[in-house]
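A.B. asks: Provided herewith is a single structure, encoded as structure tokens, for subsequent inquiry.
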Amino acid sequence: MIFIDRKGRRYLKILEPGRKLLIRGELLADELFGVEEGSRVKFSTGETFLVLRPTYADLIPLLPRRAQVIYPKDTGPLVVWGDVFPGATVIEGGVGAGALTIALLRAVGPHGQVISYEVREDFAAAARKNVATFFGEAPNWTLKHRDLYEGFDERGADRMFLDLPEPGRALGVASEALRPGGVLICYVPTTVQLKETVDALQERSDFGEIESFETMLRNWQVKGMSVRPHFRMVAHSAFIIVSRRLASDSLPSKVIDLPIPPAPAEEPEQNGDDEPPDETA
Ligand SMILES: C[S@@+](CC[C@H](N)C(=O)[O-])C[C@H]1O[C@@H](n2cnc3c(N)ncnc32)[C@H](O)[C@@H]1O
């Protein structure tokens, strides 16, 4: 549960029978069983806290972790641009604290599969604990303690997410594991990694439709007449690189001769993405 004080500060606490919750003052967890979500509860100092089950966006910044987690502002676009659907088979690496894993498990649903690769045993253990605590039982999740640059066991996966320092090094093994048409998402924090990853994708014939973007979320204060953006924001998290696995290994033989439809009436050429709009028109 999260406990929110009068200033909006949030504290994540796990309720277990017999456990004492310590924030400022204490409260026995047992006293909370049966209390409705959205209630205010009083700690021993007399301070009251609003108590709610955390949403995904509440949870992730408070998730116990040692590696950087994916920010909630990026998780939505990752799941949408990564086109994760109920029933999908999704590969993820590395797992870190399991923040993205939880979002993927929610998105694929009980009939999908999430397979995560993590090179560090301690991170794998932490992710296992976080998923068990904050998602629950996940029989459709497999966590492999492995260096993913050495290859994936899976073939025909629908989607893949790489959140590790050199995703460009994993493109060969990613290509083997993804089905043609599958979506590969790389998440990298620096421009150097962005360039290296996109260059590596562009050099290959088995990936295409490459798109790179970042997201910005600016919260607003709406308080009386003071309606303005907050002074602080997460100005940068990471770049998101989306690409599609093509059937390019066998491209020449796969080109199919389709009947050519009659040419449509000529239309004026559209501006390309890199051209500014014609303001004189
Ligand atoms: C930034 S963290 C991932 C955070 C995760 N996406 C989340 O939302 O919590 C990067 C992870 O990649 C793992 N990693 C780095 N190289 C790896 C490799 N070659 N194979 C598998 N995991 C790797 C690291 O140990 C670390 O846990």
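A.B. asks: How many of the residues in the stretch 186-208 are farther than 21 Å from GLY94 by Cβ, among the acidic types (Asp, Glu) and in a helix (DSSP H, G or I)?
C.D. replies: 1
A.B. asks: Whether any residue in the stretch 11-33 is at positive phi and modelled with pLDDT under 95 is what I want to check. Can you show your working first?
C.D. replies: Quick first cut of the stretch 11-33, residues at positive phi only: 18, 25.
Adding the requirement that they be modelled with pLDDT under 95 leaves 18, 25.
Looking for residues that are at positive phi and modelled with pLDDT under 95, one finds at least one in the stretch 11-33, hence yes.
A.B. asks: Of VAL51, VAL41, VAL95, which residue is β-branched (Val, Ile, Thr) and within 14 Å of the chain's Cα centre (by Cα)? Reasoning before the result, please.
C.D. replies: On the way: VAL51 fails: within 14 Å of the chain's Cα centre (by Cα); VAL41 fails: within 14 Å of the chain's Cα centre (by Cα).
Result: VAL95 is the single residue among VAL51, VAL41, VAL95 that is β-branched (Val, Ile, Thr) and within 14 Å of the chain's Cα centre (by Cα).
A.B. asks: While we're on this one: Being outside any helix (DSSP H, G or I) and among the hydrophobic types (A, V, I, L, M, F, W, C) is the filter; apply it to the stretch 107-141 and report the residue that is nearest to the ligand (Cβ to nearest atom). Lay out the reasoning, then the answer.
C.D. replies: Kept after step one, since they are outside any helix (DSSP H, G or I), are these residues of the stretch 107-141: 109-120, 135-141.
Subsequent filtering for residues that are among the hydrophobic types (A, V, I, L, M, F, W, C) retains 114-115, 119, 135, 138, 141.
Values: VAL114: 12, ILE115: 12, VAL119: 4, PHE135: 13, ALA138: 15, TRP141: 14 Å.
So the residue we want is VAL119.
A.B. asks: A follow-up question, please. Please identify the pairs in which a residue from the stretch 70-98 that is farther than 19 Å from TYR149 by Cα has its Cβ atom under 7 Å from the Cβ atom of a residue that is among the basic types (Lys, Arg) and more than 8 Å from the ligand (Cβ to nearest atom), counting only partners at least 6 apart or on another chain.
C.D. replies: Pairs that qualify, where the first residue is farther than 19 Å from TYR149 by Cα and the partner is among the basic types (Lys, Arg) and more than 8 Å from the ligand (Cβ to nearest atom), are GLY82/ARG159; ASP83/ARG159; VAL84/ARG159; ALA88/ARG159.
A.B. asks: Give all pairs with beta carbons closer than 9 Å in which a residue from the stretch 175-202 that is touching a residue at least 24 places away in the same chain (Cβ under 8 Å) meets a residue that is among the basic types (Lys, Arg) and within 16 Å of the ligand (Cβ to nearest atom); count only pairs at least 6 apart in sequence or on separate chains.
C.D. replies: LEU178/ARG159; GLY182/ARG159; VAL183/ARG159; LEU184/ARG159; ILE185/ARG159; ALA200/ARG169
A.B. asks: Within the stretch 142-185, how many residues are within 12 Å of the ligand (Cβ to nearest atom), part of a strand (DSSP E or B) and farther than 21 Å from LYS195 by Cβ?
C.D. replies: 3
A.B. asks: Something else about it: Hey, does the stretch 92-109 have a residue that's modelled with pLDDT of 95 or more, of a type in the set (D, E, K, R), touching an Asp or Glu at 6+ places or on another chain (Cβ under 9 Å) and in the same structural domain as VAL183 (by TED's automatic domain parsing)?
C.D. replies: Scanning the stretch 92-109 turns up at least one residue that is modelled with pLDDT of 95 or more, of a type in the set (D, E, K, R), touching an Asp or Glu at 6+ places or on another chain (Cβ under 9 Å) and in the same structural domain as VAL183 (by TED's automatic domain parsing).
A.B. asks: Given the stretch 18-106, what strands (runs of 3 or more DSSP E) lie entirely inside it while holding 1 or more residues that are β-branched (Val, Ile, Thr), more than 16 Å from the ligand (Cβ to nearest atom) and surrounded by 12 or more Cβ atoms within 10 Å (Cβ to Cβ)? Talk me through it step by step, then tell me what you get.
C.D. replies: Details: elements: 20-23, 25-28, 39-42, 48-52, 89-93.
Result: 20-23, 39-42, 48-52, 89-93.
The values are calculated or read from the model by the stated rules, or taken from the named source; none is laboratory data. This one's a predicted model, so the numbers in the text were calculated from it and none came from an experiment. Note that each Cβ is placed from the backbone with ideal geometry, even for glycine, and that neighbours are counted across all protein chains shown.
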